[in-house]
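Here's a structure for you.
Only the coordinates and a few stated rules stand behind these numbers; no lab work does. On a predicted model such as this, the values are computed, not experimentally measured, just so you know. Cβ placement follows ideal geometry from the backbone for every residue including glycine, while neighbour counts extend to all protein chains displayed.
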Amino acid sequence: VFELVVSGDDVTQGKPDPEIYRTVAQRLEVHPAECVVIEDAPAGVQAAKSAGMHCIAITNTVPRAQLQRADLIVDSLEDDLSPLLPP
């Protein structure tokens with residue numbers, strides 16, 4: 001269950017524009033640096049980083065080399081995500 005859902009219908013600019021992630025932070029009333037985004041595409045990673053958020057990239061759609069802007073790159077959500085998650 002998610003506290004908030006924001007989709008492309010809620011913003012005017014698509015990724016790689018950071019609008020969708022900035023909208024989420026505003027609606028949750030949190031600073032972007034407190035957010036961790038999970039993405040699987042270069043445009044999404046770019047949007048998250050441009051919004052000032054941490055980003056975990058999953059290599060299920062593109063090669064690892066295309067996700068290098070992410071703070072952490074994993075092959076699966078079953079990998080160790082702890083470096084970017086709160087204790």
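Can you give me the distance in nm between label points at A65 and E3, each placed 7 Å from the Cα along the Cα-to-Cβ direction?
Once both label points are built, they end up 4.0 nm from each other.
Right, next: Would you work out the relative contact order for the chain, in percent, from Cα pairs under 8 angstrom that are 6 or more residues apart? Intermediate results must be reported in sequence, preceding the final value.
Details: 137 pairs, mean separation 18.8, N = 87.
Reported relative contact order: 22 percent.
Moving on. If we count every other residue with Cβ under 10 angstrom of L28's Cβ, Lys/Arg +1 and Asp/Glu -1, where does the sum land?
So the environment of L28 carries a net charge of -2.
Go through (1) 10.7; (2) 8.6; (3) 5.9 and flag the label whose value is the computed mean projected area of the Cα convex hull in nm² for this structure.
Step by step, mean projected area of the Cα convex hull in nm² for this structure corresponds to label (3).
Scanning the chain for GluC sites (Glu not before Pro) in DSSP loops with at most 14 other Cβ atoms within 10 Å, what's the longest stretch left with none?
On the way: sites that count: E3, E29, E78.
My reading of the result: 30-77 is the longest stretch.
Could I ask something else about it? In debye, nearest 20, what is the charge dipole magnitude of the range 8-78 about its Cα centre with +1 on Lys and Arg Cβ and -1 on Asp and Glu Cβ, if you could check? Let's see the in-between values first.
Working: 6 positive and 11 negative charges, 50 e Å.
Around 240 debye, computed over the range 8-78.
Using just the helices of the chain, give the 222 nm mean residue ellipticity in deg cm²/dmol: DSSP H runs with n ≥ 4 each add -39,500 (n - 2.57), and the total is spread over all residues, rounded to 500. The partial results should precede the final answer.
On the way: 2 runs with 19 residues, N = 87.
So the calculated ellipticity at 222 nm is -6500 deg cm²/dmol.
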